[in-house]
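The values are calculated or read from the model by the stated rules, or taken from the named source; none is laboratory data. Just so we're clear, the structure is a prediction, and the values are computed from it rather than from any experiment. Note: ideal-geometry Cβ built from the backbone for every residue, glycine included; neighbour counts use all protein chains shown.
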C-alpha cells in the first residue's frame, strides 16, 4: 500500500531513541510509513524512494545533495544542538556560526526549534525559503506528567535496591589534564573556548573534592549515585573514588527513572538539571561563579548555587523546597498543550510529497548493505585503536548505540507509547529491514 514516507535518523540512542519512537508513533498513526535509521545505514534506501521527508537532528551539509538526489527528499531538521546549555550571551554567535551560513535558498524545507526565541533568531537571520516552527522537542514531551508512568517499574526496582540516594549528574567532559591539554591544542585559535574548557576542568576538580567531603559526612543509609556524561570515561571516575563504598556509579542509557527515584540532585551544567526542575526535583550546583558566556544559561539557572559542602549536604537532605524555576521552565515550548510530536506531525502531514510503496530489499541489497555497514564499524574501531592512550572526547559507534537499533527494544517502547495514548498496539507493525533500518507503520485494514 502506498503511503507518505518519512526517514528519521538516530545518532545517540540514550538521547534520541525514545523520543524518536514517540514521534514515529504519531507519524504512523497519521498513515505515514516511518523508517528509523542511522546515517551509516541510510544508503540502503538510496534509489528505493523517489519522494519522502528526511528528518535529521541538525544541518547536514555533508550529504544534503546526495540525499536529495537518491531519495527525492524534502529535508527538515529538529534543532537539538541549540539547547539549554548555550549561554544567553552566546546565542547569536552560536547560531551565526552553526546555522546562518548553511540555511540558505531552498536547501532545508523546515526547521523545528525549542522555543520562539530560537525560531525568530533563525528566521530573522537566515536568507532562505525555509519555514521555521517553535514546536519544542519530542524529547521534552517525555518529561510531561502523562509519560512518567512508563518508568514506574524501573523506579520501584531502583528504590528497592538503592533506597535513599542523591544523584550526581556530570556534564564536565574535561575530566583529566590530558583532555584539557588536548582541547587547548584543538582551540588554540579560540581563547574564549579555551577559557570555557579550563572552567569545566576547574569545576570538575571542585566537585571531586566536594564528593569526597560528602562521602565522609553521609550516614550509613545515604549514598551518592554518579552518572557520568556519556562522553566521560566512567573508569576515570571509579578510579578517583575507588575506596568509597557509598559512592556508586551507573552508566544507564536512560536517566528518567533515576531522576524520578532520587531524593535530590547534585549537578553541573546538565540538561538533566532542567529535566529535574520540570519534575519538581530540587538540584544544587557547587562553587559556580557567574561568568558571562559560560554560566549565563538555563542549565545553571534551574539550580540552587552553594559554596560549602555543609550547605550542599543540608540542601540535599532537605525534605521540601520552594520551586522558583517555574517562570524559567515555562519558557520552553510544548510543556503544555499539544505535544511537540503532535505539532511536528501536523505540520509535516501537509507537505506535498508523493505516496510511495514500501521498500523491499532483495538478497543483492543485503549483500551490498552488510559490507558497507561492517566497514564503517571497522573504521570506527580502527580510529578508536589509534586513540588508545590519547585524550579523546569522540564517542565511538558502540558508545553512541550500544545495542544498535534493536527491533524488539523499539517495538516494546512503541507498545508503551501506544497503550499510554489508549491506542491499539496490534494495529502497528515494526519490521527490521536491515542493520539499523527499522520500519514502523500501521497495518492495513482487512
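Structure data summary
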{"read-out": "Unmet requirement for residue 89, which otherwise passes all of (1) touching a residue at least 40 places away in the same chain (Cβ under 8 Å); (2) under 20 Å from residue 138 (Cβ atoms)", "value": "(2)"}
{"read-out": "Selected residue [more than 25 Å from residue 171 (Cα to Cα), assigned by TED's automatic domain parsing to the domain that holds residue 9, touching a strand residue (DSSP E or B) at 6+ places or on another chain (Cβ under 9 Å) and surrounded by 18 or more Cβ atoms within 10 Å (Cβ to Cβ)] from 76, 111", "value": "76"}
{"read-out": "Residue within region 184-203 that is under 28 Å from residue 417 (Cα atoms) and assigned by TED's automatic domain parsing to the domain that holds residue 300 present", "value": "no"}
{"read-out": "Single condition residue 241 does not satisfy, out of (1) in contact (Cβ under 8 Å) with a residue 24 or more places away in the chain; (2) closer than 27 Å to residue 319 by Cα", "value": "(2)"}
{"read-out": "Any hit, region 157-168, residues being within 28 Å of residue 239 (Cβ to Cβ), part of a helix (DSSP H, G or I) and under 23 Å from the mean Cα position of the chain (by Cα)", "value": "yes"}
{"read-out": "Sole residue being surrounded by fewer than 19 Cβ atoms within 10 Å (Cβ to Cβ) and within 30 Å of residue 423 (Cα to Cα), chosen from 25, 51", "value": "51"}
{"read-out": "Subset of region 118-129 (residues that are closer than 22 Å to residue 346 by Cα and either touching a helix residue (DSSP H, G or I) at 6+ places or on another chain (Cβ under 8 Å) or in a strand (DSSP E or B) (or both))", "value": "118, 122"}
{"read-out": "Options 67, 86: the member that is outside any loop (DSSP other than H, G, I, E, B) and either surrounded by 16 or more Cβ atoms within 10 Å (Cβ to Cβ) or at pLDDT 95 or above (or both)", "value": "67"}
{"read-out": "Test set (1) loosely packed, with under 15 Cβ neighbours inside 10 Å; (2) touching a residue at least 12 places away in the same chain (Cβ under 8 Å) - residue 185 fails condition number", "value": "(2)"}
{"read-out": "Residue that is farthest from the chain's Cα centre (by Cα), among those in region 220-233 that are at pLDDT 90 or above and surrounded by fewer than 18 Cβ atoms within 10 Å (Cβ to Cβ)", "value": "220"}
{"read-out": "Flag if residue 141 is crowded, with 18+ Cβ neighbours inside 10 Å, within 30 Å of residue 233 (Cα to Cα) and not assigned by TED's automatic domain parsing to the domain that holds residue 292", "value": "yes"}
{"read-out": "Which numbered condition residue 423 fails, given (1) modelled with pLDDT under 90; (2) loosely packed, with under 12 Cβ neighbours inside 10 Å; (3) not in a helix (DSSP H, G or I)", "value": "(2)"}
{"read-out": "Residue 374 being modelled with pLDDT under 90 and part of a helix (DSSP H, G or I)", "value": "yes"}
{"read-out": "Criterion: at pLDDT below 90 and buried (at least 17 other Cβ atoms within 10 Å of the Cβ) - qualifying residue of 211, 196", "value": "196"}
{"read-out": "Given (1) touching a helix residue (DSSP H, G or I) at 6+ places or on another chain (Cβ under 8 Å); (2) part of a helix (DSSP H, G or I); (3) without any contact (Cβ under 8 Å) to a residue 60 or more places away in the chain, number of the condition residue 212 does not satisfy", "value": "(1)"}
